[in-house]
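One structure below.
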Amino acid sequence: MANPEAKSGSSLIMPGDATSTCWSCGTMRAEHFCSACGKVQPPVPVDYFTFFGLPRKLSVEVTGLEREFYQLSRKLHPDLYSGAEAREQQWSLEQSSQLNDAYRTLKDPIKRTEYLLRLEGVELEEQSKSATEQARASGQVKKQVVPPDLLEEVFDLNMQLEELRMQKKLGEDDPSLIEEIGRQKLELEEKHEALLEELKRDWTEWDHAVDSGSEEERRKIRDKMVDVLNRRNYLRNLVRDVNEVLESGS
Amino acid sequence: MAYSDKVLDHYSNPRNVGSMDKNSQEVGTGLVGAPECGDVMKLQIKVNPQTQVIEDAKFKTFGCGSAIASSSLATEWVKGKTVEEALQIKNTEIVKELSLPPVKIHCSVLAEDAIRAAIHDWKKKNGSANANAPVPAGSQASH
């Protein structure tokens, strides 16, 4: 028996396993409500894809997801259960919050991808730590997960941002520096866009591999997506910092 | 999140901020990043060619307080050590010294990576035979 309290990925219940019976009428229960008597059911710790009855694929049709979300949230709304049994009130509350988390995660392309990678056992920080330990043991230098030229670029732009911050503090903006940073910002945004397109191509490959790929193929695509997300994190932070500096105090 | 006193001290009063000439034969430069949070850290060492002692170290980090404190501490620790001694510094020692919480352990990992990268760069420049040594059999961490 899976423990319904457990939150770790390994204890997630697969769709086929959630086959208990309705607490109220005893027929086979459906996912959120009993298909026979319509009563709300206690939440099952399924992953977000399963919660929406979706396969673990990344090309999600967001309008359909949204429709499903609104339908379910109307039916699960705790206000509807104010006169029901205490445990039904509790379940509607829990299911509503599960629904909100699932929707927020799946509608966002990046959060959805990160979530799927976690479900697939990708632990970025763990991997980074064990790579460092390996480098220490072997006397090797650890391979950086992002290309060195991207690191250089990030570092240099940060230096310029720092200079501009300093200038702003002293009340003496240098127009040519602002112009230069503005130009780099446009480039960053373009790269950022391009990464999203790259990620979408990976989604298609992933979805295909879910149906017919080998474990090896899926692993390769997972690695590719991790790589895209890693690079994207830098760009996202940079764009955020650039905007912050350009908009501050001027 | 509350930072420890030592982190705050390094953060508000970082040691050895700055840069050295990366083209100098005696200088090794490590530029590393943690994509999870977008932090970048540059650490440089200046090594005495006779004694192999790290005589100076500088850093510049763009990141959170813990990343700045970890790299500031790293420069303090490597100074006066030989290159081989500096390679023994472990991220867990940085965690302990700065009382870093679990969510900030990656900052200490980054600092250890930066030390290694700087030493690697110096070794490469100075034609050290083992800068590119192959991974010895059996020493690979299991996954």
Check every one of the helices (runs of 4 or more DSSP H) wholly within the range A:57-144 and list those with 2 or more residues that are open to solvent by less than 70 Å² (accessible area, probe 1.4 Å) and within 14 Å of chain B (Cβ to nearest Cβ). A:109-119, A:124-138
So B:Ser66, is it hydroxyl-bearing (Ser, Thr, Tyr) and modelled with pLDDT of 95 or more: no
Please go through the range B:1-29 and give me each residue that is in a helix (DSSP H, G or I) and exposed (fewer than 12 other Cβ atoms within 10 Å of the Cβ), ordered by number. B:Asp5, B:Ser12
Right, A:Val154: in a helix (DSSP H, G or I), in contact with a strand residue (DSSP E or B) (Cβ under 8 Å, 6 or more places away or on another chain), buried (at least 18 other Cβ atoms within 10 Å of the Cβ) and at the interface with chain B (Cβ under 7 Å from one of its Cβ atoms) or not? yes
In the range A:193-221, what count of residues is obtained for those that are within 14 Å of another protein chain (Cβ to nearest Cβ) and charged (D, E, K, R)? 1
Within the range B:116-143, residues more than 10 Å from chain A (Cβ to nearest Cβ) and either in a helix (DSSP H, G or I) or at pLDDT 80 or above (or both) come out as B:Trp122, B:Lys125, B:Asn126, B:Gly127, B:Ala129
List, please: which pairs have Cβ atoms under 6 Å, are six or more places apart or on different chains, and start with a residue in the range A:31-58 that is of a type in the set (Phe, Trp, Tyr) and end with one that is assigned to a strand (DSSP E or B)? A:Phe33/A:Val40
If A:Lys75 satisfies all but one of (1) charged (D, E, K, R); (2) more than 25 Å from the chain's Cα centre (by Cα); (3) closer than 24 Å to B:Cys107 by Cα, what's the number of the condition it fails? (3)
If we scan the range B:101-114, do we find a residue that is away from chain A (no Cβ under 13 Å), among the charged types (D, E, K, R) and surrounded by fewer than 24 Cβ atoms within 10 Å (Cβ to Cβ)? no
Please determine whether any residue of the range A:227-244 is exposed (fewer than 15 other Cβ atoms within 10 Å of the Cβ) and more than 10 Å from chain B (Cβ to nearest Cβ). yes
Quickly run through the range B:40-65 and pick out the residues that are open to solvent by less than 10 Å² (accessible area, probe 1.4 Å) and more than 21 Å from B:His120 (Cα to Cα). B:Gly65
Could you check, for the range A:167-189, whether at least one of its residues is facing another protein chain (nearest Cβ under 10 Å), assigned to a helix (DSSP H, G or I) and among the β-branched types (Val, Ile, Thr)? no
Would you be able to say whether some residue in the range B:37-46 is free of Cβ contacts under 8 Å to residues at least 40 places away in the same chain and more than 12 Å from chain A (Cβ to nearest Cβ)? yes
Select, from A:Glu152, A:Glu125, A:Glu162, A:Glu120, the only residue that is closer than 23 Å to B:Glu112 by Cβ and at pLDDT 90 or above. A:Glu152
Is it the case that A:Tyr48 is more than 19 Å from the chain's Cα centre (by Cα) and not assigned by TED's automatic domain parsing to the domain that holds A:Ser212? no
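The values are calculated or read from the model by the stated rules, or taken from the named source; none is laboratory data. Keep in mind the model is a prediction, meaning the values are calculated, not measured. Positions of Cβ are backbone-derived with ideal geometry, glycine not excepted, and every protein chain shown enters the neighbour counts. The area values use the complete protein model at the heavy-atom level, side chains included, leaving out ligands, DNA and RNA. Shrake-Rupley method; radii C 1.70, N 1.55, O 1.52, S 1.80 Å.
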